[in-house]
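Accompanying notes for the structure given below.
The values are calculated or read from the model by the stated rules, or taken from the named source; none is laboratory data. Model, not experiment: these values are computed from the prediction. Note that we place each Cβ from the backbone using ideal geometry, even for glycine, and neighbour counts take in every protein chain shown. Each accessible area value is taken on the protein alone, full model and side chains, heavy atoms only, with ligands, DNA and RNA left out. Shrake-Rupley method; radii C 1.70, N 1.55, O 1.52, S 1.80 Å.
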Amino acid sequence: MKPSIDLDRLLTEAPAPNADAMARVLAAARGELALKRPVRRWRTQAAWLVAASAGLGLLAAVVMFAMGAVSGPLLLARAPLLTLLVGTSAVCAWGALTPGGTGLRRLGVGLAVVSAAAVVLARGTPHAAPTLPGWVCTVSHLAIGAVPLVVALFALRGTVFQPLRAAVAGLSVGSTGALLGELACEQDGRHVIAHHLLAWAVITVVLVVISKSLKPRSYAP
């Protein structure tokens, strides 16, 4: 039978911590504290992301209406879908940056699925043949999502990377282009799937990939 191990003896004989290594760690910590970097509250960053995604889409609606590109009756007819998209964007943005927040993120994903189905099912037969190729919608959706994409990446650097968190932030950003599509496009559901929802998915994937590759400023949950 093997002799029992004296745990107290092993602990007392354990090597002492390296003094030089401890000094380097302490100096690095003091250096970080001396920088006095501003603390960015998650609610502030979430509000910025909501403004950059849902707010930008609403701003586009106001500008298009002011320029006569969108009529009042069209805005009223699309109001339920626009409201759904704005709500989806806001819930996804807030859920992406809420500490913990798994339930809110799942709600955001659910709303995004409902919104995507709604924008497809709401489309009927177009009244006229398209005057522009379908890829124009895809490019315009990606372009309008560039600003909220940058805001989302900046905000996500303040937290530890989580795939669901990044995906929900991407869904918030992508909804901006979907909102634009409800204002500027009159094509059928197949066009929406092939070009509008494609852009939404691309933005979401791009945000997840870039967010994973960035070095976070903080590892907050």
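Quick look at the numbers
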item: Calculated from backbone phi, Karplus (6.51, -1.76, 1.60) coupling profile of region 112-123 in Hz, x at Gly/Pro; result: 5, 5, 5, 5, 4, 5, 5, 5, 7, 5, 6, 7
item: Solvent-accessible area per residue for region 49-182 (1.4 angstrom probe, square angstrom); result: 44
item: Table column - 3J(HN,Hα) (Hz), region 170-181, Karplus curve with 6.51, -1.76, 1.60, x for Gly and Pro; result: x, 5, 5, 5, x, 5, 5, x, 4, 5, 4, x
item: Placed amide H near Asp188: partners under 5 Å, 5+ positions off or other chain; result: none
item: Inter-label distance for Ala51 and Phe65, nm, one decimal - labels placed 7 Å from Cα along Cα-to-Cβ; result: 2.1
item: Those residues of region 150-172 whose amide nitrogen sits under 17 Å from the label point placed on Thr102, 7 Å along Cα→Cβ; result: 160-168
